[in-house]
Amino acid sequence: MAEFEIIAKDVMGRIGKLETPHGKIETPALFPVINPNIDFIPPREIRKMGAQGIITNAYIIYRSKRLKDAVRKKGLHSFLGFDGVIMTDSGSYQLSVYGDVEVTNREIVEFQHEIGSDIITPLDIPTPPDARREHAERDLEITMARLEEAKELHRRWDDRSLLVAPLQGSVFSDLRRKSAIFSAELDFDIYAVGAMVPLMDSYRYDVVISLLSEIKSVLPSYCPVHLFGAGHPMIFPVAVALGVDMFDSAAYALYARDGRYLTPSGTLKIGEITDFPCSCRVCSSHTPEEVRNSGERDRLIAEHNLYVSFEEIRTVKQAIRNNTLFEMVEERIRCHPSLLNGWRNMEKYSDLLETYDPSYKRSFFYTGVESCYRPAVIRHRKKLKEMEIYGKEIVVSFIDGDGDFLFKPPFGPYPSGLSETYPAGHAEVPRNIEIEAEKLALETLLELISEKKDIRFILKINGGWKEKLKDIRFPENVRLRIEGG
Ligand code: GUN
Ligand code: ZN
């Protein structure tokens with residue numbers, strides 16, 4: 001297993017350093033896809049824009065005599081003019097789109113080794129999302145056998161190249177887990193979640209999110225994870241928060257050819273833009289009109305697309321370092337209902353989130369109901385249950401700082417001595433908070449009250465709270481004290 005050092009963490013995301021033959025990559029990292037046939041934006045330009053690595057398709061090189069001879073002679077790095085990390089894919093994608101490729105797993109794996117690829121991908125079978133279960137099972141068996149074969153070859157080489165385990169299993173959670181467990185036992189360097197392109201293209205982000213969670217629930221935390229085919233910046237924050245370390249993007253170029261302009265919150269058509277919402281080199285030196293009428297339209301849009309993609313990766317990294325990735329994710333999921341839906345399903349994986357998410361942070365900004373399900377809120381509730389409380393009478397103030405306990409949705413009660421302490425004391429929440437957050441906080445309070453039957457709880461509330469609490473039947477050890485308006 002390649003050296004992967006994790007240096008900062010937030011949610012399930014991390015900043016890591018992955019050792020490769022061409023130096024360390026700092027993750028999360030984005031590898032633009034380079035078509036060896038087309039010199040769209042030259043790799044050396046892409047390097048200048050901040051790419052630590054690129055990904056190219058070994059099969060496209062292998063099947064063309066001209067390219068194959070040239071790359072064999074020069075080596076991959078000097079052929080592409082790129083001195084960073086080069087990852088190669090195996091032709092599996094061509095296999096999934098065109099049905100057949102004329103190469104074996106052994107041939108394409110050995111070829112990647114021969115041309116000096118830093119990160120080598122076996123010939124997996126991406127099973128489409130609408131496949132029947134038997135089909136997905138059969139494909140996965142073949143993929144697993146090929147992974148074993150690739151691993152055997154890789155062991156024999158005396159080099160430091162990294163070997164990828166593509167994870168398949170279509171939309172079947174148990175098959176995805178099986179794929180991850182099998183690969184982790186064989187000990188690969190990178191685990192790449194495959195066959196996600198059709199799901200992304202049809203905006204089924206909820207499925208992507210749940211499959212990633214299933215995989216992460218069985219994959220050891222120290223394993224680097226690549227997400228194949230997720231090149232839209234809108235998905236980066238959520239994917240990183242679920243533990244994805246690497247992305248590839250063909251989207252920057254493919255979208256550009258259709259006149260589609262990427263932003264972190266979605267896609268715009270170049271024909272419909274009057275003012276660019278971006279300040280990259282392209283957008284600050286051209287008007288949308290000029291880009292539309294330029295003979296270099298596609299290249300200009302592609303350059304912008306790549307720029308915003310790298311920018312979003314840097315923004316996510318900074319959010320990890322500041323421990324504000326939850327806040328960033330909760331903002332970005334509002335860009336597409338299916339992202340919002342998928343993230344809301346994360347409530348099911350709260351134990352998984354809790355095992356990863358750091359228990360101390362500087363701040364807690366409430367951004368919406370999704371904030372209620374953060375591990376900080378769940379942990380607070382657990383801690384409260386275990387807390388020793390001394391005294392016969394406890395005042396819980398809903399309205400000011402004067403009480404033994406204070407009350408703040410979505411957390412509920414917390415000792416007033418911790419009013420400057422993360423999370424509850426520190427939390428910034430709106431006064432007009434959603435009813436769900438209030439309900440959760442009240443549940444937590446009621447849980448505490450019913451645990452401590454021999455303590456009398458005085459709830460200091462105002463008229464507004466009185467109205468909200470009117471249908472609650474409190475146990476006998478509770479008194480309401482109404483103050484103010
Ligand atoms: N590129 C996009 N999806 C896939 C996949 O499932 N496998 C491989 N090898 N490459 C991909
Ligand atoms: Zn731009």
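At-a-glance table
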read-out	value
Fraction of alpha-carbon pairs over 23 Å apart in segment 218-348 - percent	37
Segment 27-112: projected area of the alpha-carbon convex hull, averaged over directions, in nm²	6.0
Using alpha-carbon coordinates, inclination of helix 65-74 to the longest axis of the chain, degrees	80
Cross-link pairs 382/470; 24/269; 48/216; 73/317; 216/452 - those with Cα-Cα distance over 31 Å	24/269; 48/216; 73/317; 216/452
Kirkwood Rh (inverse of mean 1/r, distinct Cα pairs), segment 272-318, angstrom	11.2
Virtual spin-label span in nm between residue 217 and residue 351, 7 Å along Cα→Cβ	0.8
For the chain, with +1 on Lys and Arg beta carbons and -1 on Asp and Glu, the positive-most of 419, 153, 372 along the dipole	419
Cα-based reach from residue 460 at 15 Å (exclusive), listing aspartates and glutamates while leaving out same-chain residues under 8 positions away	393, 400, 402, 404, 483
Label-point separation, residue 185 to residue 400 (7 Å along Cα→Cβ), nm	6.5
For residue 100, solvent-accessible area (1.4 Å; no DNA, RNA or ligand), Å²	110
Simple label model, 7 Å out from Cα along Cβ direction - residue 421 to residue 258, nm	5.3
Once the Cα gyration tensor of segment 137-261 is diagonalised, semi-axes √(5λ) in Å	25, 17, 14
With all protein chains modelled, accessible area of residue 78 [1.4 Å, Å²]	70
Cα-centre dipole for segment 224-382 with unit charges at Cβ (Lys and Arg positive, Asp and Glu negative), debye to 20	500
Long-range tail of P(r) for segment 327-474 (Cα pairs > 29 Å, %)	18
Of all accessible heavy-atom area on the chain, the percent that carbon and sulfur account for (1.4 Å)	47
Relative packing of 213-222, 410-419, 84-93, which averages over residues the other C-beta atoms within 10 Å, highest first	84-93, 410-419, 213-222
Calculated P(r) of segment 110-200 - Cα pairs past 15 Å, %	56
q = 0.08, 0.11 Å⁻¹: log10 I(q)/I(0) that the Debye formula gives for the chain, counting C-alpha atoms only	-0.56, -0.91
Pair-distance profile P(r), taking every C-alpha pair of segment 21-72, with 10 angstrom steps and integer %	22, 47, 28, 3
Cα-based Rg and Dmax for segment 216-283, where Dmax is the largest Cα-Cα distance (Å)	15.0, 48
Value of relative contact order over segment 100-237, rounded to a whole percent, pairs C-alpha under 8 Å and six or more apart	22
Exposure of residue 407 as accessible area (Å², to 10), given a probe of 1.4 Å and all protein chains	20
Solvent exposure, largest accessible area first (probe 1.4 Å, DNA, RNA and ligands not counted), of 189, 69	69, 189
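The values are calculated or read from the model by the stated rules, or taken from the named source; none is laboratory data. Bear in mind that the values here come from a model prediction, so they are computed numbers and not experimental data. We place every Cβ from the backbone using ideal geometry, glycine too, and count neighbours over all the protein chains shown. Ligands, DNA and RNA are excluded from the accessible area calculation, which covers all protein heavy atoms including side chains. Shrake-Rupley method; radii C 1.70, N 1.55, O 1.52, S 1.80 Å.
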